[in-house]
Amino acid sequence: MSFNSIIFVLGFLPAAVLGYYLLALTPLHRLRLPFLILMSLFFYGRAQVSYIPLVLGSIVVNYGFAVMIVRSEGREGAKRAWLTLGVIVNAGVLLSLKYLSPVVGAIAAAFGHASPLGNIVAPLAI
């Protein structure tokens, strides 16, 4: 299911938005974030199950950065440091998933070997 498919536009997206806002109207409003996380995992898992650990890891790491930013209340330097570290980590993961495989593959090919990494493709959530 891609973002421009009929199934996404007329099925998945309305179900996610409706579910989110229906939860907001109930005493279960605290379940809105877990609901969106589960919908994201379903979406990326439907594309390829191997994406789920990567997306889960990204969620956990970014949640940890958010917690540290909130705990640094009143210390602007610490907040900025956690934010900067979060951006660097996320950019590093994105760049390594996007460019590491082709670069290593080109170096291996130059020496007459197959790429040891294969073909790494990152999901859009990363």
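All of the numbers you see were taken from the coordinates with simple rules; none came from a lab. As the structure is a computational prediction, the values presented were derived from the model and not from experiment. Note that each Cβ is placed from the backbone with ideal geometry, even for glycine, and that neighbours are counted across all protein chains shown.
Tabulated data for the structure shown
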read-out: Within the chain: Cβ-based charge dipole about Cα centre, in debye rounded to nearest 20 (Lys, Arg +1; Asp, Glu -1); value: 220
read-out: Percent RCO, i.e. relative contact order, over the chain, from Cα pairs under 8 Å lying at least 6 residues apart; value: 16
read-out: For the chain, with +1 on Lys and Arg beta carbons and -1 on Asp and Glu, the positive-most of LEU95, ALA66, VAL49 along the dipole; value: ALA66
read-out: Contour minus Cα-Cα distance for PHE65 and HIS29 (0.36 nm per residue); value: 10.6 nm
read-out: Those chymotrypsin sites (Phe, Trp or Tyr not before Pro) in the stretch 64-123 that DSSP places in a loop and that have at most 14 other beta carbons within 10 Å; value: PHE111
read-out: Low-density loop positions, trypsin sites (Lys or Arg not before Pro), the stretch 38-78 - DSSP coil, at most 13 other Cβ in 10 Å; value: ARG75
